[in-house]
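The structure appears below as structure tokens.
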Amino acid sequence: MSITSEIKELHAELPEGVRLVAVSKFHPVEAVAEAYAAGQRLFGESRVQELLQKIPLCPSDIQWHFIGHLQTNKVRQLIGKTALIESVDSERLLELIDRESERAGVVTRVLMQVHVAREETKFGFWPEELLDYFKARRFENLKATHICGVMGMASNTDDVERVRADFRAIADVFLAIRDDSELGLRGFDTISMGMSGDWPIAVEEGSNLVRVGTRIFGLRQY
Ligand SMILES: *Cc1c(COP(=O)(O)O)cnc(C)c1O
């Protein structure tokens, strides 16, 4: 299968209202160009350096999502370059993004990363921690950052029920925050879950943004 046919097939398979992020990390700009030509406009990268190298070599109407662990010393370079930072995994990082965004005179859109998977990643907010953050209304201190929703990953396992339970746990936190009218959040509407191996389950559990790399581009190249 080619990049073109995978993109077209995914666009046909995804239900209405579910957007596709083509995860192009570790693949060359030629691969991005082929996906772009097939109609893809949303791309995901997980390293700041790689993203900054690709941006000037790619069409300017691409929307870039940052999906990797963001080190605090890279924040300043990233601000203003993304349509969405999906992987805010600590309050410290969020505050830094906010400060740098204000300084640069831009508003940065972000998702809060929720940690539910057993072993996959040490990054992210535990569900209770995230609920507490919102209940304490600390988001009201943000000046130049818009929290648009949550992102999360399921355990890397063949156990489909385990994967489903992980996605459900992420969706539960998302809905608890979104549907809490006392919080009065606006534009909190994005739930990013699902990768090459598990996106259909993620969509069944309510995802409206899937991040697919390997299925589109093949095994990563460097
Ligand atoms: C690499 C990556 C993906 C894509 O994973 P595939 O299994 O290649 O589809 C999705 N989300 C995040 C956060 C990633 O780092």
Local charge sum around residue 107 (other residues, Cβ-Cβ under 14 Å, Lys/Arg +1, Asp/Glu -1)? +3
Among 205-217, 137-149, how do they line up by average Cβ neighbours within 10 Å per residue, starting with the highest? 205-217, 137-149
Charge tally in the Cβ shell below 13 Å around residue 8, where Lys, Arg are +1 and Asp, Glu are -1, residue 8 excluded: -3
Filtering the chain for DSSP H helices with an axial alpha carbon extent of at least 24 Å and a Kyte-Doolittle mean of at least -0.5 returns 160-178
Only counting other Cβ atoms within 10 Å, I'd like 128, 204 sorted with the fewest neighbours first. 128, 204
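Using 0.36 nm times the number of residues separating residue 128 and residue 83, minus their current alpha carbon distance, what extension gain do you get?
On the way: separation 45, 0.36 × 45 = 16.20 nm, distance 2.73 nm.
So the extension gain works out to 13.5 nm.
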Residue 4 versus residue 29, label points 7 Å from Cα toward the beta carbon: distance in nm? 2.2
With a Förster distance of 35 angstrom and the Cβ-Cβ distance between residue 183 and residue 13, calculated FRET efficiency to the nearest 0.05 equals 0.55
Positive minus negative residues near residue 51 (Lys, Arg vs Asp, Glu; Cβ under 12 Å): +3
Inter-label distance, nm, simple model (7 Å from Cα along the C-beta direction), residue 165/residue 102: 4.2
Stretch residue 71-residue 53 to full length: gain in nm at 0.36 nm per residue minus the Cα-Cα span? 4.7 nm
Any idea how far the Cα center of the stretch 1-37 sits from the one of the stretch 47-100, in Å? 21
Estimated Rh, the chain: Kirkwood, alpha-carbon pairs, angstrom: 17.7
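Any read-out appearing in this document is the output of simple, stated calculations on the displayed coordinates, not a laboratory observation. Nothing here was measured: the structure is a model prediction, and the numbers come from that model. Counting neighbours? That spans all protein chains shown, and the Cβs are built from the backbone with ideal geometry, glycine included.
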